[in-house]
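Every number here is computed from the coordinates shown, using simple stated rules; none is lab data. A quick note: this is a predicted structure, and the numbers were derived from the prediction, not measured. Using ideal geometry, Cβ is built from the backbone for each residue, glycine included, and neighbour counts are taken over all protein chains shown.
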Amino acid sequence: MRKKIVAGNWKMNLNLQEGVALANELKEALAQEKPNCDVIICTPFIHLATVAGITEGTVIGLGAENCADKEKGAYTGEVSAAQVKSTGAQYVILGHSERRAYYGETAEILKEKTKLALANGLKVIFCIGEVLEEREANKQNEVVGAQLADSLFDLTAEELSNVILAYEPVWAIGTGKTATAEQAQDMHAFIRGCIAGNFGEQAAEEISILYGGSCKPSNAKEIFSKPDVDGGLIGGAALKCADFKGIIDAWN
């Protein structure tokens, strides 16, 4: 059975005290009512070690929003996969559309990041997705297929078992636009087909694919009802306990 997952990406929001308060609120809410899916929160680097103390022993998994493509050394301001792991985090988001767009992260850089993250015992939430121009030109399959092939297809099937995929229609992030549940399903099915073609049917059947485009409590149930959608990577709605829990509850 594929894992059902709701993961929150806090992005560059919440100072440390606010992040601690949110983590505690979420911990309390999920202790009262056990979720019917895996729950992960991915926080800024400065939150990780403190929040790890809150989430330890709970149903909440903890992840970073990024890590470096170098093992260690004179890379001022970077944070390595080993450093992320040492905080108590179990996951890391890689390839987010904002990292690709604003920081020029290429398929080759993301391949290195993925290998280092996996080698250090982190599970990778790997993001893929097309921008509006690519969607309007009907090139979304071509774009997403290349993002998968160029960064992940050198992995072994065993390494892939520690990867979660997150499809982000970039045109639906922070714009208020949402892909229809049918559009999400079509792309998730295409992605699963790409995995089957390179790693085999079993790997494709086992990998979780999350939807990451303006998912809210009001539309989560419909999106999650689709056969190839295994949960969500949540941005803005992950910053409020009630909203995030509303999305988690879509699995009930």
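Miscellaneous remarks
- Alpha-carbon centroids, region 81-106 and region 173-232: separation in whole Å: 21 Å
- Working note: Karplus 6.51/-1.76/1.60 with θ = phi - 60° gives region 200-205 the couplings x, 5, 5, 4, 5, 6 Hz, where Gly and Pro are set to x.
- Here the dipole of region 156-252 is about 540 debye; that uses its Cα centre as origin and unit charges on the Cβ of Lys and Arg (positive) and Asp and Glu (negative).
- Cβ-based charge dipole, region 1-74, positive-most Cα from Ala23, Gly63, Met1: Met1
- Long-range amide H partners of Gly232 with built H, under 5 Å: Ile5, Val6, Ala7, Tyr211
- Sum of -39500 (n - 2.57) over DSSP H runs of 4+, divided by residues of the chain (222 nm, nearest 500): -13000 deg cm²/dmol
- Ordering Ala196, Leu132, Thr50 by Cα displacement along the dipole of the chain toward the positive end leaves Thr50 in first place; charges were set at the Cβ atoms of Lys, Arg (+1) and Asp, Glu (-1).
- About the Cα centre, charge dipole magnitude for the chain (Lys/Arg +1, Asp/Glu -1 at Cβ), debye: 500 debye
- Surrounding net charge for Ala189, when Lys and Arg each add one and Asp and Glu each subtract one, Cβ distance under 13 Å: -3
- Karplus (6.51, -1.76, 1.60) ³J(HN,Hα), θ = phi - 60°, over region 79-93, in Hz, Gly and Pro reported as x: 10, 7, 4, 5, 5, 4, 4, 5, 6, x, 5, 10, 10, 8, 7
- In a reduced charge model with +1 at each Lys and Arg Cβ and -1 at each Asp and Glu Cβ, region 86-201 shows a dipole moment near 320 debye about its Cα centre.
- Cα-based Rg and Dmax for the chain, where Dmax is the largest Cα-Cα distance (Å): 16.9, 48
- Region 130-252: relative contact order as a whole-number percent, Cα under 8 Å and 6+ apart: 25 percent
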